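Following: one structure in structure tokens, then a few remarks.
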């Protein structure tokens, strides 16, 4: 990857259904932790949980973000997610179109004069 290409990551996670997946995606994009989240409905997951083999229909999220947002994205995803142990797998983007990567980084950049953090 060239130094002129901004670093980007794709985060994989699943949600129990399309409504929660959409809610997660909306929150992460609204909070500028992700530029985009693509939802792939009705994936079948087979996994071991608490000693048993389980099978669930889930919605897969492909979350596009910048490297510098990963920690905050992971923290927020864990706060919002219904699962006790949500999937959080990070894939490095080796290359991509400059226009798309520029858009991605602009989308997660906090606007000047904006206070970051959540109200509480």
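Each value in this text was obtained by applying a stated rule to the coordinates, not by laboratory testing. The structure presented is a predicted model; accordingly, all values stated were derived computationally and were not measured. Cβ atoms come from the backbone with ideal geometry, glycine included; neighbour counts cover every protein chain shown.
Using alpha carbons only, what's the Rg to Rh ratio of the chain with Rh from Kirkwood?
Checking Rg against Rh, the ratio lands at 1.01.
Using a 7 Å offset from the Cα along the Cα-to-Cβ direction at both residue 110 and residue 84, what is the distance between the two label points in nm, to one decimal?
3.4
How far apart, in nm, are the 7 Å Cα→Cβ label points at residue 92 and residue 62?
Spacing of the two 7 Å Cα→Cβ label points: 2.0 nm.
Run the quick spin-label model on residue 45 and residue 99: label points 7 Å from Cα toward the beta carbon, then report their separation in nm to one decimal.
Result: 3.5 nm between the two label points.
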